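What follows is a single structure, written as C-alpha cells, with notes after it.
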Amino acid sequence: MRAPPLEIHDMTVAYHRKPVLWDIDLIVPEGKLVGILGPNGAGKSTLIKAVLGLVPLASGRVEFYGQPYARQRHLVGYVPQRESVDWDFPVNALDVVTMGTYSRLGWFRRPGQAERTKALECLEQVGMGAFARRQIRQLSGGQQQRVFLARALAQDAQLYFMDEPFAGVDAATEQAIVALLQTLRSNGKTVVVVHHDLQTVKQYFDHVILVNMRLVEAGPTQTTYTPENLSKTFGGRLTILEEAAEAVRKGG
Amino acid sequence: MSYLTLLVIAGTSLLGAVAGILGSFAVLRRRALVGDLLSHAALPGLCLAFLVLGGRQFAGMLVGALLTGLAGVALIALLTHWTRTKEDAALGIVLSTFFGAGIMLSSIIQNMPEGGSKAGLESYIYGQAAGMIRQDVYLIAAVSAASLLVVLLFYKEFKLLSFDRGFARAQGWPTLALDMTMMGTLTLITVIGLPAVGVVLMAAMLILPGATARFWTERLDRMLLLSGVIGGLTGSLGTAISSGLLKAWLGFDPFAFGDSDANFPTGPTIVLCGTAIFLFSVLFAPQRGVLGRLWGDLRLRLKTADENLLRTVFEQSEGSDGGARAPVSLEQLLEHRAWSRSRAAWLVRRAAARGLLQDAPGGVSLTAAGLAEAQRLVRAHRLWELFLIEGADIAPDHVDRDADSIEHLLTPELIELLEARLADRGRLQPAAEQVPASPHAISTPGQQATGAGGSAHV
C-alpha cells in the first residue's frame, strides 16, 4: 500500500520559543478534501507552514508519501494567504501563475511558451482566463485568490495546501473554489484547506482536522464533526496550555 | 569635452544604471533603507582596511566595506530576532553606530604621521566623482557587468523571491542564499559607488531610479530596464551639470546665481537630477501620476454631474402630462441640485451639444438619445435603491444619496446581478425593460423637497 500523502509524528512548533502547536500526530488520507478547523490563534495556518518547512519544528517528523518533504516537493502545491504578498507588485495575473512552474524549470531557465500556455490553462480553470494580462492590483480580492489557486494548479501537484482560500471572497469565487476542489478530488488529488466558516464544513469537506494548540480530533466529517468535538475545539479556554506556553516563552 | 570628463560620465552613468536596477528590487521589497544602511556601514570597513593594509588599496578596501556592510545587515537581523527591537529602530541604531565608528576611525587615519595617501578617505564620505581615474572606471565597468549578469541569471528567482518569499521557500528555493546573493550584489555596487557620490547620497542612487520607474510601468522587466535607463541618465546628466559641461553646451550657465561661478559637487548634483526626474514622474506619469489621477477624478465628477442632470430632468418630467419628454425649467433643476445657475446652464449646454437635451417651450426636454441614457441611469439608481432597501435593510429615506454616488459606477455586470437578485425576490418582473418606480418619494414641481428624496447634491 502506498504511504499516505501526509503523516505527522509528534510535531511541536514554537514561535520565539513559545509553543503554538503541541505534539501533533496526524495522518491525512489520500484523495480527500480535508478541512483544518479551529478558533483564531489555534495554529491552523502554523500547522500548514510547519509541514511545508516555512516555520521550524521544535520537534517531530513530517513525511509526504513516506518521504521527507525535501524529496517530495514536486508533489506538493501551496496556496498562501492572500494577504501575505504585496498586490501592488508589478506583475500581471499570468506572471503570478507562471511562478507555479518555476520549480520544474529549475535554476536559470526562463519560462517559455509551454509554461505560459500551462499557466493560461490554469487561469482558465479558475475562470480567470480573461484577466491574464491584468495587473494584479486591479483584480478584486476574490480574483486575486483565484490567481493564487491557479498558481498552485500550475505546480501540478498531488497534494495541495490552501491557507484560508475562502477568506473575504465573493460568492462567485467561493463557488469557483468549491468546484475546483471537487475537480481536484475526482482527479485523485488530496487537498488540505484551512477553513473558518463552520456552516459550510459538512458541505465542502470529507475529512476534518480540529485543532486548538493541539490536535483535538481528526477523521471523516460524518463521525468527527460532532457538537462534542466542536465544543472541545472552540469552547472553553485552554488556560493550562496557554499558561504553559507563556511559561516556556519566559524561560521560567 | 575633455577625456577626463568623458571618463567620469562613463563611470557615473554605469553606476547609476546598475544601482538603479538592483535598487529596484530593494524598492519592491520595501527594503529601500537597506541601501542607506549598506553605504553607512561600509565606512568603518573602508577605514579598517586602510589601517590594516597601511594604505589606499582599492580591492582591499572594497572587501573591508563589503564585510562591515554585511555585518550591519546581519546585526539588524540579530537585533530584531533576539530582542524586541523593531526593524526601523534597529536599522537606525546600526546605521549610525557604524557610521560613527567609521568617522572615528577616519579621524585616527587623518592624524597618522605617514598621511600621504589618506586624502582618499574623505571622498568616501562626501563623494568626489571628479577624482575618478581610468582604473576606477574599469573597476566600475567590471562590477557592473558582473552585477548585471547576476540579475540576468537569477531574474526568475529574484522575481519570485521579491513577490512571494513563502511560496518560493515552499517550492524549495534556497531563499536565504538567494537573498544573500541579491543583497551582496547590492552591497558591491554601493561600495563601488561610494568614492563617486559618497556615503549619504549613495542610497538615493539606489532608490530613486526604481521608485521613478515604478510610476511608468506595471511590468517588472520593463521596470528594471527603465530604472537602468533613468539611473544612467541621472548619472550622466548630474556629472555634465556639475562639470560645467552643460554650461559649455548652452553657452550660458542656467544655474548661475549672481556672480558666483561655483561648480557643484557631482554627488549632490546627480541626486538632485534624480529627484527632478522622480518629481516629473510623480506629476506626469499617466496612471500613477498625480495629474493623471486628478484628471481621472475630474472626469468622474463631470460624468457624475452630466448624469445627475439627465436623471433630474427625467424624474421631474416623469409624472407630468407630456410623459418623460415634458419640458423642465432651469428653476426646477436648481431646486433639486446644489448647482449655481451658471453651472446648471453650462451643464445643460453640454448635454444639448451632445444631443441629449433639446430646447422646449419653458425649458429643456430629453431627446430620444437623452431619454434612453436617462432611463439607463434611473434604472441603475433605482435598482441600487431597491437592493439597499430589500437586500441590505437600509431605511428608504437613506438610500437616495447612496445610490446617487454609486449609480455612475455600476458596471453592466453588476446591474445584471442586481436584476437577477431582485427578480429572485419577485421584486422585479423578469422582463424588466422599463424603469422601476422609485421606492421612495420624489418631490415633484409643486411639492417641497421632503426627506432625502430628491435632495440636492452633486
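The values are calculated or read from the model by the stated rules, or taken from the named source; none is laboratory data. The structure displayed is predicted, hence computed values, not measured ones. No Cβ is skipped: glycine too gets one built from the backbone with ideal geometry, and neighbour counts run over all protein chains shown.
Assorted remarks:
- Among the conditions (1) away from every other protein chain (no Cβ under 14 Å); (2) at positive phi, the only one that residue A:29 does not satisfy is (2).
- Failed condition for residue B:177, given (1) surrounded by fewer than 17 Cβ atoms within 10 Å (Cβ to Cβ); (2) among the small types (Gly, Ala, Ser); (3) more than 14 Å from every other protein chain (Cβ to nearest Cβ): (3)
- The stretch B:191-213: number of residues that are small (Gly, Ala, Ser) and either under 11 Å from residue B:24 (Cβ atoms) or touching a Cys at 6+ places or on another chain (Cβ under 7 Å) (or both): 3
- The residues of the stretch A:98-131 that are hydroxyl-bearing (Ser, Thr, Tyr) and touching a residue at least 12 places away in the same chain (Cβ under 8 Å), listed by number, are A:98, A:101, A:103.
- Here residue A:87 does not fit the description of being surrounded by fewer than 17 Cβ atoms within 10 Å (Cβ to Cβ) and within 12 Å of chain B (Cβ to nearest Cβ).
- Filtered residues of the stretch A:32-64 (kept if buried (at least 16 other Cβ atoms within 10 Å of the Cβ), more than 21 Å from residue A:81 (Cβ to Cβ) and of a type outside the set (Lys, Arg)): A:58, A:60, A:63, A:64
- Pairing each residue of the stretch B:185-209 that is on the phi > 0 side of the Ramachandran plot with any residue that is crowded, with 24+ Cβ neighbours inside 10 Å, provided the two are 6+ apart or on different chains, yields C-beta distances under 6 Å for B:198/B:127; B:198/B:267.
- Test result for residue B:189, more than 10 Å from every other protein chain (Cβ to nearest Cβ), under 23 Å from the mean Cα position of the chain (by Cα), within 30 Å of residue B:99 (Cα to Cα) and among the hydrophobic types (A, V, I, L, M, F, W, C): no
- When we screen B:142, B:130, B:146 for residues that are loosely packed, with under 13 Cβ neighbours inside 10 Å and in a helix (DSSP H, G or I), the only hit is B:142.
- One residue stands out among those in the stretch B:19-53 that are closer than 12 Å to residue B:203 by Cα, away from every other protein chain (no Cβ under 14 Å) and of a type outside the set (A, V, I, L, M): the one that is farthest from the chain's Cα centre (by Cα), which is B:40.
- Number of residues in the stretch B:209-225 that are assigned to a helix (DSSP H, G or I) and closer than 20 Å to residue B:290 by Cα: the value is 7.
- Residue in the stretch B:52-63 that is hydrophobic (A, V, I, L, M, F, W, C), at pLDDT 85 or above and not in a loop (DSSP other than H, G, I, E, B) present: yes
- Qualifying positions in the stretch B:64-86 - assigned to a helix (DSSP H, G or I) and either of a type in the set (S, T, N, Q) or touching a residue at least 24 places away in the same chain (Cβ under 8 Å) (or both): B:65, B:66, B:68, B:69, B:70, B:71, B:72, B:73, B:76, B:80
- Only residues that are small (Gly, Ala, Ser) and not in a helix (DSSP H, G or I) were counted across the stretch A:55-98, and they come to 5.
- Enumeration of residues in the stretch A:146-203 that are small (Gly, Ala, Ser) and either crowded, with 21+ Cβ neighbours inside 10 Å or assigned to a helix (DSSP H, G or I) (or both): A:150, A:152, A:154, A:157, A:171, A:172, A:176, A:179, A:186
- Subset tally (residues that are part of a helix (DSSP H, G or I), loosely packed, with under 11 Cβ neighbours inside 10 Å and facing another protein chain (nearest Cβ under 8 Å)) for the stretch A:99-122: 0
- Flag for residue B:202 being within 30 Å of residue A:151 (Cα to Cα), part of a helix (DSSP H, G or I) and more than 14 Å from every other protein chain (Cβ to nearest Cβ): no
- Qualifying position, being at pLDDT 90 or above, surrounded by fewer than 22 Cβ atoms within 10 Å (Cβ to Cβ), within 30 Å of residue B:218 (Cα to Cα) and not polar (S, T, N, Q), among B:10, B:71, B:90: B:10
- Matching residues, the stretch B:342-375, being assigned to a helix (DSSP H, G or I) and crowded, with 18+ Cβ neighbours inside 10 Å: B:344, B:347, B:348, B:351, B:370, B:371, B:373, B:374, B:375
- Scanning the stretch A:29-52 for residues being under 12 Å from residue A:161 (Cβ atoms) and in a loop (DSSP other than H, G, I, E, B) gives a total of 1.
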